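Before any comments, here is the structure.
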Amino acid sequence: MYKAPRGAADILPGEQPWWRHIERTAADLCQRFAYRRIDTPIFESSALFHRSVGEATDIVEKETYTFDDRSGDSMTLRPEGTAAVCRAYLEHGMHVLPLPVRLYSLRAPMFRYDRPQAGRYRQFHQVNAEAIGDAGAAVDVEVIELAWRLFETLGLRNLSLLINSIGDPACRPAYLDALRAYYQGHLASLCGDCNKRYHTNPLRLLDCKKPTCQPFAQDAPRSADMLCEPCRDHWRQLQDGLRILSIPFAVEHRLVRGLDYYTRTVFEVQPPEEGGQSTLGGGGRYDGLIQQLGGNPTPAVGFACGIERLILNLKRQGIALPPESEAFAVVACMGDAARPVALKLAADLRRAGLRAVLAPSGKSLKAQMRYIGASGATHALILGDDELRQGVVAIKTLATGDQRLVPLADAPAAIAL
Ligand SMILES: [Zn+2]
Ligand SMILES: [Zn+2]
């Protein structure tokens with residue numbers, strides 16, 4: 001028996017209503033914020049992610065699915081969405097459009113070779129939004145507002161929005177020096193990964209999940225205290241903007257996010273339980289990324305949220321799906337003469353825009369009705385010899401048990417009502 005690869009899940013028909021609900025909600029919201037949809041390939045040249053996400057990040061070092069294709073080019077299944085959208089922005093010359101260019105993706109598959117656990121998969125799916133070409137803090141606020149409204153509209157409660165500023169190339173070097181100076185005396189107490197990070201990526205010392213490393217992060221120097229003047233302005237405007245929109249937030253100085261391209265604003269939204277392991281979504285500003293990928297200096301900010309994680313949290317909070325109240329008719333028939341009429345009736349219903357199928361053939365009426373009861377149908381349509389003679393069909397509304405005879409031609413209207 002074959003099984004789906006570890007950490008990759010089938011999204012079965014019974015789960016799809018959750019996905020549909022989230023996708024519709026996200027698409028409506030993105031539309032309202034004037035974001036336009038983009039879909040990029042699920043794989044890109046490996047160099048794109050090395051240059052953008054960063055060589056010394058967990059994602060690139062340990063988590064990518066990388067392979068040589070048949071021409072020997074190194075390809076990587078995308079571990080995140082931003083780099084590919086920036087690549088597309090550059091490739092298609094979107095800088096000539098009115099800036100910022102606002103783009104979003106839905107149900108975008110991402111791939112990370114991670115330890116599978118609840119709500120965490122090796123193939124997972126995201127809603128992404130990116131606003132490219134505006135340096136103002138108002139756009140950071142907009143992206144956070146979009147994320148916050150998505151969770152709010154879906155009905156999630158008691159979420160925490162954590163924000164931080166990790167500075168820019170002007171002020172970060174001094175901060176990293178301060179961080180190294182602080183950690184230097186503690187290296188012997190830190191985990192192996194952190195000892196590496198100390199040299200390659202000291203920011204990541206702050207978000208090590210190991211309990212033995214965390215106390216040191218608590219007392220570490222804070223990036224928001226060491227910002228240059230322009231970064232400090234931006235940081236203040238971000239917080240003012242969130243207050244104006246009444247979006248509650250907390251400053252979390254250990255929040256750095258696991259990707260190298262972030263500058264200034266980083267943020268995460270967390271559900272009530274479990275803390276940092278179960279982030280619902282997050283993002284930040286990446287003012288240097290597009291230039292790093294070969295474009296002109298172009299400020300940008302974005303957000304990503306994992307759909308599996310979202311569904312898990314909707315279920316945990318006991319949030320019910322909105323009812324899908326679409327009519328669903330199943331046609332049952334008795335006798336050889338009724339069969340072609342039933343076939344035509346089901347087709348007519350579908351052409352009228354309704355969902356309709358025939359009950360399985362070759363079964364007794366009782367067995368057909370049993371199938372209808374289990375199928376999720378809203379209406380059973382029954383054709384026997386009597387109905388055939390009169391040119392009618394018996395329509396049973398399953399929710400109430402009411403049954404009436406309706407001329408065949410009127411059946412679509414009778415069900416749609
Ligand atoms: Zn550590
Ligand atoms: Zn700065």
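Of all residues in region 228-252, those that are part of a loop (DSSP other than H, G, I, E, B) and in contact with a strand residue (DSSP E or B) (Cβ under 6 Å, 6 or more places away or on another chain) total 2. Among the residues of region 358-417 satisfying the criterion of being among the aliphatic types (A, V, I, L, M), farther than 17 Å from Ala346 by Cβ and assigned to a helix (DSSP H, G or I), which is nearest to the chain's Cα centre (by Cα)? Step by step, filter region 358-417, then rank; the result is Ala374.
Return yes when Leu179 is within 20 Å of Thr279 (Cα to Cα), within 16 Å of ligand 2 (Cβ to nearest atom) and in a helix (DSSP H, G or I) and no when it is not. Taking the combined requirement at face value, the residue does not satisfy it.
Inclusion of Phe216 among residues that are within 16 Å of ligand 1 (Cβ to nearest atom), hydrophobic (A, V, I, L, M, F, W, C) and either closer than 30 Å to Thr25 by Cβ or over 26 Å from the mean Cα position of the chain (by Cα) (or both) is warranted.
None of Arg157, Arg107 is surrounded by fewer than 20 Cβ atoms within 10 Å (Cβ to Cβ) and out of contact with any helix residue (DSSP H, G or I) (no Cβ under 8 Å at 6 or more places or on another chain) except Arg157. Among the residues of region 171-182, is any among the hydrophobic types (A, V, I, L, M, F, W, C), within 26 Å of the chain's Cα centre (by Cα) and surrounded by 13 or more Cβ atoms within 10 Å (Cβ to Cβ)? For region 171-182, residues among the hydrophobic types (A, V, I, L, M, F, W, C), within 26 Å of the chain's Cα centre (by Cα) and surrounded by 13 or more Cβ atoms within 10 Å (Cβ to Cβ): absent. Looking at Asp193, Asp168, Asp207 in this structure, which one is within 16 Å of ligand 2 (Cβ to nearest atom) and out of contact with any Phe, Trp or Tyr (no Cβ under 7 Å at 6 or more places or on another chain)? Every option except Asp168 fails the conditions. For region 182-227, a tally of residues being in a loop (DSSP other than H, G, I, E, B) and not charged (D, E, K, R) returns 12. Glu274 satisfies every condition listed in (1) at positive phi; (2) at pLDDT 95 or above except (2). In this entry, Asp193 is excluded by the filter for residues that are at negative phi, of a type in the set (Asp, Glu) and more than 9 Å from ligand 1 (Cβ to nearest atom).
Tell me, please, whether a residue that is closer than 16 Å to Pro79 by Cβ, buried (at least 22 other Cβ atoms within 10 Å of the Cβ) and in the same structural domain as Tyr89 (by TED's automatic domain parsing) can be found in region 263-279. No; the residues of region 263-279 include none that is closer than 16 Å to Pro79 by Cβ, buried (at least 22 other Cβ atoms within 10 Å of the Cβ) and in the same structural domain as Tyr89 (by TED's automatic domain parsing).
The values are calculated or read from the model by the stated rules, or taken from the named source; none is laboratory data. The shown structure was predicted, so the numbers you read here are calculated from the model rather than taken from an experiment. We place every Cβ from the backbone using ideal geometry, glycine too, and count neighbours over all the protein chains shown.
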